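The values are calculated or read from the model by the stated rules, or taken from the named source; none is laboratory data. Predicted model only: the values in this text are computed from it and were never measured. When we count neighbours, we look across all protein chains shown, and the Cβ atoms used for this are built from the backbone with ideal geometry, even at glycine. With ligands, DNA and RNA removed, areas are computed over all heavy atoms of the protein, side chains included. Shrake-Rupley method; radii C 1.70, N 1.55, O 1.52, S 1.80 Å.
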Amino acid sequence: DALSVREASLATRRRIGAPEESMLVALGSLANSYHQLGRLEETNRILGDVYSRHCRLSGEDGESSLASAYNYANSFSELGRFEEARSLSRKAIPVTRRVLGKNHELTLRMKWIYACALYKKRGATLDERREAVTTL
């Protein structure tokens, strides 16, 4: 089963003192396995760890950090934690736009997460819904 293979891979990398980049790849794969099994809280916890470690490794404007921010924000959205998804994506959008460009796929995806978080939030105001539409 994929989960046990990915857990073993991560444990092996820890044991041999693998480079941080290798550890982050293994953690991302593990998060993907948890996601496929519907274990969304565990997925979110791991993605938060991956995001913070990418930021320490390559800064908040590193491409890997931006991709990790998207994955983390998306996981908040999937959990219905729209305020956290909104906050993270709002912080990341200008950085993603500056680093990758306004028409880059990741920039557009980040804006989508932000807009969805505004729109889907319980009790979203008319102004928030308008902002969601203008964001896209």
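What to note about this one:
- Residues of segment 97-126 satisfying the condition of being within 30 Å of Leu37 (Cα to Cα), open to solvent by less than 80 Å² (accessible area, probe 1.4 Å) and either aliphatic (A, V, I, L, M) or in a helix (DSSP H, G or I) (or both): Leu106, Thr107, Met110, Lys111, Ile113, Tyr114, Ala115, Cys116, Ala117, Leu118
- Scan segment 38-54 for residues that are assigned to a helix (DSSP H, G or I) and of a type in the set (Gly, Ala, Ser) and the total you get is 2.
- Qualifying residues in segment 1-24 (those that are within 19 Å of Leu57 (Cβ to Cβ) and in a loop (DSSP other than H, G, I, E, B)) - the one most open to solvent (accessible area, probe 1.4 Å): Pro19
- Selection count, segment 70-96, where residues are in a helix (DSSP H, G or I) and either basic (Lys, Arg) or surrounded by fewer than 17 Cβ atoms within 10 Å (Cβ to Cβ) (or both): 7
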